[in-house]
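Chemist: Structure incoming, see below.
The values are calculated or read from the model by the stated rules, or taken from the named source; none is laboratory data. If you're wondering where the values come from, they're calculated on a predicted model, not measured in any experiment. Cβ atoms come from the backbone with ideal geometry, glycine included; neighbour counts cover every protein chain shown.
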Amino acid sequence: MKFIDEFRDPHLARVLVETLREHTRQHIRLMEFCGGHTHAILRFGIRALLPPDLEMLSGPGCPVCVTSSAGLDHAIALAHIPGMIVATFGDVVRVPGSRESLQNARAGGSDIRVVYSPLDAVALAEKNSSRPVVFLGVGFETTAPGVAASILQARQHGIKNYFVLPLHKLTPPATKAILDGGEVKLSGILGPGHVTTIIGTDAWTFLSEQYGVPIAVAGFEPLDILRGISMLVDQVNDGHARVENAYSRSVLPQGNRTALAIMNEVFETCDAEWRGLGVLPGSGLRIREKYAALDASKTFPVSLTPSHEPPGCRCGEVLRGILSPVDCSLFRHTCNPENPVGPCMVSAEGACMAYYQFGEKRLED
Amino acid sequence: MIELAHGGGGRLTHELISHLFKHYFSNVYLDLLCDAAVLPRPKGRLAFTTDSYVIQPIFFAGGDIGKLAVCGTINDLSMVGAKPLYLTAGYILEEGLPYADLERIVCSMAETAKEAGVEIVAGDTKVVERGSADKIFINTTGMGWIPSDRNLSPGEIRPGDKIIVSGSMGDHGMAVLCQREGLEFNTSLVSDCAPLNSLVEAILSRHSGVRVMRDPTRGGLATVLVELAQARGLGFEIEETSVPVHEGVRASCELLGLDVFYVANEGKFIAIVSPADAEAVLRTLQDHPLGREARMIGQVVENHPKKVVLRTVLGVRRVMEMLTAEQLPRIC
């Protein structure tokens with residue numbers, strides 16, 4: 001078992017695709033919540049294999065993309081505090097805020113470090129004990145437990161100069177917001193594999209119970225995705241919406257209880273602003289009062305002028321699934337990975353980046 | 001420990017040259033220690049190239065900045081069909097660099113140059129204040145000669161030509177990235193950093209059908225293929241499953257969400273070869289220790305000019321783009 005080749009088997013993929021073609025008897029519109037799915041679908045060319053009546057829309061599942069301009073501006077303002085070290089995942093550095101990006105701030109002399117794990121940021125704080133280190137807590141339920149663990153570790157080791165700017169978002173409220181918005185009518189949702197590894201499939205039961213919308217949680221290899229899609233098509237056909245798991249080697253109904261407990265120890269839910277979706281109740285995480293000393297938003301008050309979206313940027317519509325990246329007038333010409341106008345063209349999980357990198361055109365044999 | 005005075009031109013500079021550079025690089029041209037190396041006129045056309053090397057960490061699995069600086073320039077010369085002859089080495093050292101580190105790097109450069117049959121004939125050293133550079137930067141300039149019957153250029157590519165890679169992709173980039181970021185996997189990732197001139201000579205001296213060669217360093221395989229397709233105005237078809245990638249490299253790329261086709265290599269090349277010679281070139285490559293994993297990965301076509309089309313593992317065709325911005329690991 002190598003965990004890659006087995007899930008890319010072209011023969012099995014063909015069998016799944018054949019079944020999908022047979023079973024797709026009406027127009028079916030699915031949304032892949034997760035940007036990782038968008039990338040895999042385009043990278044492996046899965047879209048080209050799907051029957052024409054099966055439509056896949058990209059959703060809001062790119063943590064960097066849904067971070068609001070106000071959130072980015074806050075991070076950039078912190079980076080301008082003399083002596084401050086801002087530690088962040090690499091994706092965030094190039095995303096344009098209202099006036100500049102962290103990358104611009106770095107060129108102007110701010111100290112911004114890219115780390116691969118929040119625990120690296122704790123180590124950075126330990127090494128630079130005379131300077132404050134702020135980690136930008138961007139991400140969904142996948143990264144939030146790691147960030148919570150970094151806060152616990154800093155507290156445990158008595159590291160006084162480590163702080164977190166909490167910008168985390170929770171995925172079920174965003175899914176709800178898309179369904180409540182009613183801009184797109186969805187036949188089903190391809191559920192996020194990594195997020196659900198943490199929160200568990202039980203967290204999605206509201207979809208079938210309250211909305212009658214099918215969900216199948218899938219991994220990120222071609223067979224995972226095709227199996228997830230296949231489950232959704234079958235649910236549409238039998239008219240019985242439920243929560244299914246196409247990623248059972250990673251996802252449990254109850255999720256990862258240890259990770260959830262750590263997350264719950266440090267964070268509590270709060271309202272949060274999403275790019276494209278606005279302020280959603282209970283969709284963010286803030287640091288609990290007992291850990292307030294590590295909360296950068298409380299420790300370093302900064303004066304923030306009103307934030308705005310980059311002019312002409314339609315990332316919000318892309319994130320709501322109502323605009324395909326290729327239909328944005330800025331796509332490729334004005335907005336590209338070298339000169340991104342909006343976050344969806346920057347992040348490794350952004351839909352615009354995926355469409356740019358992996359080409360949208362079908363090339364028939 | 002390196003001090004500012006090591007680059008000041010006085011006694012310490014003199015000691016550095018005689019105890020370190022001349023000691024390790026010794027050859028008839030360098031040993032005269034004149035202001036410029038005086039070299040015999042080579043037999044054919046000259047190939048001339050320069051490159052600067054900055055890398056963190058300076059020592060990595062499979063190499064170091066010195067080996068990289070020698071291999072990189074030798075490989076650039078080799079890609080145009082030149083036999084590399086001479087290198088220069090320019091150093092910018094950060095004050096406080098341990099002398100032992102510099103010695104290890106110089107020693108590695110000497111060994112690599114010797115292995116490749118190339119002489120380091122001139123050099124320069126400057127030392128900058130602590131914080132003004134990251135430990136050590138090296139520039140190497142290289143000169144080689146091209147036998148008169150060789151004319152490698154994208155203009156020579158014809159429809160039907162075969163595309164060959166000399167070995168596995170992504171080893172250097174992933175080894176350096178994982179070491180720099182302290183990412184540990186159950187498998188060891190080793191840079192492929194190597195001088196390619198003997199491998200290149202093996203094919204060029206035996207086979208006339210090689211049209212063009214390129215080494216996929218920064219930007220990786222995809223970027224080099226797109227550059228060549230655009231330069232010649234023809235289309236390329238690549239089979240994803242034919243591209244050799246070591247298991248550990250693939251796994252670490254998947255984990256971080258990186259595409260191996262955009263990851264740097266420092267000891268591999270792509271050759272576009274006439275259909276008549278392709279099999280023979282492949283066999284010659286595979287007979288050489290540096291080319292054992294060489295594979296034919298695709299072909300040149302008249303369709304979709306200037307586009308590189310990848311047939312994915314699922315048999316679907318999609319366009320490959322150049323690397324446009326540095327690849328970023330995924331968060332989620």
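Chemist: Can you tell which of B:LEU258, B:LEU234 is touching a strand residue (DSSP E or B) at 6+ places or on another chain (Cβ under 8 Å) and among the hydrophobic types (A, V, I, L, M, F, W, C)? Reasoning before the result, please.
Modeler: Details: B:LEU258 fails: touching a strand residue (DSSP E or B) at 6+ places or on another chain (Cβ under 8 Å).
Just a single option satisfies the conditions, and that option is B:LEU234.
Chemist: Since B:GLU15 meets every condition but one in (1) surrounded by 14 or more Cβ atoms within 10 Å (Cβ to Cβ); (2) farther than 30 Å from B:LEU183 by Cα; (3) acidic (Asp, Glu), which condition does it not meet?
Modeler: Looking at each condition in turn, B:GLU15 falls short on (1).
For every residue, the table says whether it meets (1) in contact (Cβ under 8 Å) with a residue 40 or more places away in the chain; (2) touching a helix residue (DSSP H, G or I) at 6+ places or on another chain (Cβ under 7 Å); (3) surrounded by fewer than 20 Cβ atoms within 10 Å (Cβ to Cβ).
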| position | (1), (2), (3) |
| --- | --- |
| B:GLY63 | yes, no, no |
| B:LYS67 | yes, yes, no |
| B:ILE92 | yes, no, no |
| B:GLY96 | yes, no, yes |
| B:TYR99 | yes, no, yes |
| B:VAL118 | yes, yes, no |
| B:GLY123 | yes, yes, no |
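Chemist: When the range A:218-235 is examined, which residues are found to be β-branched (Val, Ile, Thr) and either surrounded by fewer than 22 Cβ atoms within 10 Å (Cβ to Cβ) or within 14 Å of another protein chain (Cβ to nearest Cβ) (or both)?
Modeler: A:ILE225, A:ILE229 - these are the residues of the range A:218-235 that are β-branched (Val, Ile, Thr) and either surrounded by fewer than 22 Cβ atoms within 10 Å (Cβ to Cβ) or within 14 Å of another protein chain (Cβ to nearest Cβ) (or both).
Chemist: Could you check B:THR223 against (1) part of a helix (DSSP H, G or I); (2) surrounded by 23 or more Cβ atoms within 10 Å (Cβ to Cβ) and say which number it fails?
Modeler: The number of the failed condition is (2).
Chemist: I'd like to know if the range A:324-334 contains one or more residues that are part of a loop (DSSP other than H, G, I, E, B) and on the phi > 0 side of the Ramachandran plot.
Modeler: So far as the range A:324-334 goes, yes, one or more of its residues are part of a loop (DSSP other than H, G, I, E, B) and on the phi > 0 side of the Ramachandran plot.
Chemist: Continuing with this model, one more query. Is it fair to say A:ARG332 is over 26 Å from A:ALA144 (Cα atoms) and surrounded by fewer than 18 Cβ atoms within 10 Å (Cβ to Cβ)?
Modeler: So A:ARG332 fits the description; yes.
Chemist: Ok, one more. Within the range A:254-289, which residues are in a helix (DSSP H, G or I), touching a residue at least 24 places away in the same chain (Cβ under 8 Å) and among the charged types (D, E, K, R)?
Modeler: Correct list: A:GLU265 only.
Chemist: Could you say whether any residue in the range B:176-188 is crowded, with 22+ Cβ neighbours inside 10 Å and either in contact with a His (Cβ under 8 Å, 6 or more places away or on another chain) or assigned to a strand (DSSP E or B) (or both)?
Modeler: no
Chemist: Residues being of a type in the set (Gly, Ala, Ser) and in a strand (DSSP E or B): count how many of those fall in the range B:84-104. Break it down stepwise before answering.
Modeler: Narrowing the range B:84-104 to residues of a type in the set (Gly, Ala, Ser): B:89-90, B:96, B:100.
Then keep just the ones that are in a strand (DSSP E or B); that gives B:89-90.
Here the count works out to 2.
Chemist: Do you know which residues across the range B:250-260 are farther than 23 Å from B:VAL319 by Cα, crowded, with 18+ Cβ neighbours inside 10 Å and not polar (S, T, N, Q)?
Modeler: B:ALA251
Chemist: Which one is surrounded by the fewest Cβ atoms within 10 Å (Cβ to Cβ) among residues in the range B:290-327 that are under 17 Å from B:LEU258 (Cα atoms) and free of Cβ contacts under 8 Å to residues at least 40 places away in the same chain?
Modeler: Among those residues, the one meeting the criterion is B:GLU326.
Chemist: Looking at (1) at the interface with chain A (Cβ under 9 Å from one of its Cβ atoms); (2) of a type outside the set (A, V, I, L, M); (3) touching a His at 6+ places or on another chain (Cβ under 8 Å), which is the only condition B:GLU254 fails?
Modeler: (3)
Chemist: Something else now. Could you tell me which numbered condition A:SER129 fails, if it satisfies all but one of (1) more than 21 Å from the chain's Cα centre (by Cα); (2) of a type in the set (Ser, Thr, Tyr); (3) surrounded by 16 or more Cβ atoms within 10 Å (Cβ to Cβ)?
Modeler: So A:SER129 meets the others, but not (3).
Yes or no, residue by residue, for (1) under 30 Å from B:ALA276 (Cα atoms); (2) assigned by TED's automatic domain parsing to the domain that holds B:GLU279; (3) of a type in the set (Gly, Ala, Ser):
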residue: B:PHE137; (1), (2), (3): no, no, no
residue: B:THR141; (1), (2), (3): no, no, no
residue: B:ARG158; (1), (2), (3): yes, yes, no
residue: B:LYS162; (1), (2), (3): yes, yes, no
residue: B:MET174; (1), (2), (3): no, yes, no
residue: B:GLU181; (1), (2), (3): no, yes, no
residue: B:SER198; (1), (2), (3): yes, yes, yes
residue: B:ILE203; (1), (2), (3): yes, yes, no
residue: B:ALA222; (1), (2), (3): yes, yes, yes
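Chemist: Does the range B:139-152 contain at least one residue that is modelled with pLDDT of 95 or more, under 26 Å from B:GLY298 (Cα atoms) and not charged (D, E, K, R)?
Modeler: Yes - at least one qualifying residue is present in the range B:139-152.
Chemist: Please verify whether the range A:73-91 includes one or more residues that are over 18 Å from A:LEU167 (Cα atoms) and at pLDDT below 95. So that I can check it myself, show each step before the final result.
Modeler: Quick first cut of the range A:73-91, residues over 18 Å from A:LEU167 (Cα atoms) only: A:80-84.
In the following step, the residues that additionally are at pLDDT below 95 were identified as none.
Checking the range A:73-91: not a single residue is over 18 Å from A:LEU167 (Cα atoms) and at pLDDT below 95.
Chemist: Within the range A:151-172, count every residue that is farther than 12 Å from A:MET263 by Cβ, in contact with a Phe, Trp or Tyr (Cβ under 9 Å, 6 or more places away or on another chain) and away from chain B (no Cβ under 13 Å).
Modeler: 8
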